[in-house]
1. For segment 86-107, what are the residues that are of a type in the set (Lys, Arg), touching a residue at least 24 places away in the same chain (Cβ under 8 Å) and more than 12 Å from Leu71 (Cβ to Cβ)?
2. Could you go through segment 1-22 and let me know if any residue there is at pLDDT 95 or above, among the small types (Gly, Ala, Ser) and in contact with a helix residue (DSSP H, G or I) (Cβ under 7 Å, 6 or more places away or on another chain).
3. Please count how many residues of segment 70-85 are among the hydrophobic types (A, V, I, L, M, F, W, C), touching a Ser or Thr at 6+ places or on another chain (Cβ under 7 Å) and closer than 15 Å to Gly101 by Cβ.
4. Somewhere in segment 72-84, is a residue at pLDDT 95 or above and in contact with a Phe, Trp or Tyr (Cβ under 6 Å, 6 or more places away or on another chain)?
5. Among the numbered conditions (1) basic (Lys, Arg); (2) farther than 14 Å from Thr27 by Cβ; (3) out of contact with any helix residue (DSSP H, G or I) (no Cβ under 6 Å at 6 or more places or on another chain), tell me where Arg72 comes up short.
6. So, of the residues in segment 10-45 that are β-branched (Val, Ile, Thr) and part of a helix (DSSP H, G or I), which turns out to be farthest from Met154 (Cα to Cα)?
7. Looking at Asp143 and the list (1) among the acidic types (Asp, Glu); (2) part of a loop (DSSP other than H, G, I, E, B); (3) surrounded by fewer than 16 Cβ atoms within 10 Å (Cβ to Cβ), which single condition is not satisfied?
Amino acid sequence: MTIDPAIEAFADDFAREDEVLLAARDTADDLGVEPLTPGAGAALTVLTMAAHPKTIVEIGTGVGVSGIYLLRGMHPAGVLTTIDVEPEHHKAARASFMAAGFAPERVRLITGRALDVLPRLTDGGYDLVLIDGKRTEFPAYLDEARRLVRPGGMIVVAHALARGRVADPAQRDPDTTAVREALRSVRRTEAENSSLIPIGDGLLVVIVGG
């Protein structure tokens, strides 16, 4: 855990989830997918409502939990482009989005390896990018996200605390090392304003200079 378990549980209980999200979490368990915690998801919706984006790229669809949180916060005519390498994940996510009442044209699902798909997306064409894919590829995702977001746009990195391991220099496994590298990259970039929010497994929020 990254914070006291009792505090984390309290924060998650504070975030009310409806039957759609609870059902999606059941599907995530069945497929072995790790979704955002309820507290982190609620924070994502608040951030999205503040940014009011019309175009979002999500790296790592999962079964649609984070996508629902994004769609509920973004502009009502906005489009979510979400990428995942697993077709089974997209099948589950499509069902989740439908159950949540979102029209099919609100979501563009692209099946493929993110680092193959992202270079085909438009430079500066997006208001927000959520990074929640393969941990070892976080630094490369971050580079692509910087290219994709418009000036003043937002990048959110999920699981930015790597279960608390980023704070421990002795932890040098590939996932933790990659997440730590992404964090350092943000700290080195003066044109970016950022905050590391210790909720769930951590949300790194970055505003790209405009």
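1. Result: Arg94, single match.
2. no
3. Result for segment 70-85: 2.
4. No, segment 72-84 contains no residue that is at pLDDT 95 or above and in contact with a Phe, Trp or Tyr (Cβ under 6 Å, 6 or more places away or on another chain).
5. Result: Arg72 passes all but (3).
6. The extreme case among them is Thr27.
7. Looking at each condition in turn, Asp143 falls short on (2).
The values are calculated or read from the model by the stated rules, or taken from the named source; none is laboratory data. Because the structure is predicted, anything quoted here is derived from the model rather than measured. Virtual Cβ from ideal backbone geometry, glycine too; neighbours counted across all protein chains shown.
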